[in-house]
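First, the structure itself, so that you have it in front of you.
The values are calculated or read from the model by the stated rules, or taken from the named source; none is laboratory data. What you are looking at is a predicted structure, and each value in this text was computed from that prediction instead of being measured. Quick reminder, even Gly has a Cβ in these numbers, built from the backbone with ideal geometry, and neighbours come from all protein chains shown.
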Amino acid sequence: MQQPGQPAHFFDVLDTLLQNEVGHILLTLLAVDGKEVVRIYTSDADHSPVSGRKPMGDTPWGRHVIDEKISFLAKGPEGLRWAFFDHELIASLGGGSQINVPVVFDGACIGTINLTHREGAYDETHLAKVEAFACSLVPFFLAAAQRA
């Protein structure tokens, strides 16, 4: 975090670490902005551009991850259908499983780490590895909130 060029430098390092530790076909970081989430990082700008917004606050996924601050693991397409209105887009990119980890500061979810991979690629051990990174993202999500 001390290197110049933040947050891009940190996000690139995080992307590499998560790819090596867990694997993904897509990594996004979403900052919570009211009832919406806004993308502050993506590993695939063509399909999931930075600054893209989604109305996820008032959804079952939003209540689970944002309000209750509980990580979400979808091992297959049925979990994606439950969680995301754009599950067909996720599937078209090869996504069949998902990890979403809330980034929590001062009792509130301020963002999420989101990894997508092929069906069956993730289990609880992968989820625990991603959860270990959540606290390192707090300063970047706080900075994103100041810019919003």
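Regarding segment 47-58, can at least one residue be identified that is without any contact (Cβ under 8 Å) to a residue 12 or more places away in the chain and within 29 Å of Gln6 (Cβ to Cβ)?
Yes, the conditions are met somewhere in segment 47-58.
Further question: How about segment 9-26: which of its residues are within 15 Å of Ala132 (Cβ to Cβ) and touching a helix residue (DSSP H, G or I) at 6+ places or on another chain (Cβ under 8 Å)?
Leu14, Leu18, Glu21, Val22 - these are the residues of segment 9-26 that are within 15 Å of Ala132 (Cβ to Cβ) and touching a helix residue (DSSP H, G or I) at 6+ places or on another chain (Cβ under 8 Å).
While we're on this one: Quick check on segment 97-124: of everything there that is touching a strand residue (DSSP E or B) at 6+ places or on another chain (Cβ under 8 Å) and among the charged types (D, E, K, R), which residue is surrounded by the most Cβ atoms within 10 Å (Cβ to Cβ)?
Per the criteria, the residue is Glu119.
Here is a follow-up. Would you mind finding the one in Gly52, Gly57 that is surrounded by 13 or more Cβ atoms within 10 Å (Cβ to Cβ), modelled with pLDDT under 95 and either among the polar types (S, T, N, Q) or touching a Gly at 6+ places or on another chain (Cβ under 9 Å) (or both)?
Gly57
Does Gly95 satisfy the criteria of being at pLDDT 85 or above, under 17 Å from His117 (Cα atoms) and part of a loop (DSSP other than H, G, I, E, B)? Please lay out each step first, then the result.
Values: at pLDDT 85 or above: yes; under 17 Å from His117 (Cα atoms): yes; part of a loop (DSSP other than H, G, I, E, B): yes.
Taking the combined requirement at face value, the residue satisfies it.
Kindly indicate the residue of segment 125-146 that is polar (S, T, N, Q) and over 18 Å from Lys69 (Cβ atoms) and also surrounded by the most Cβ atoms within 10 Å (Cβ to Cβ) among those meeting that condition.
Across segment 125-146, the extreme among qualifying residues is Thr125.
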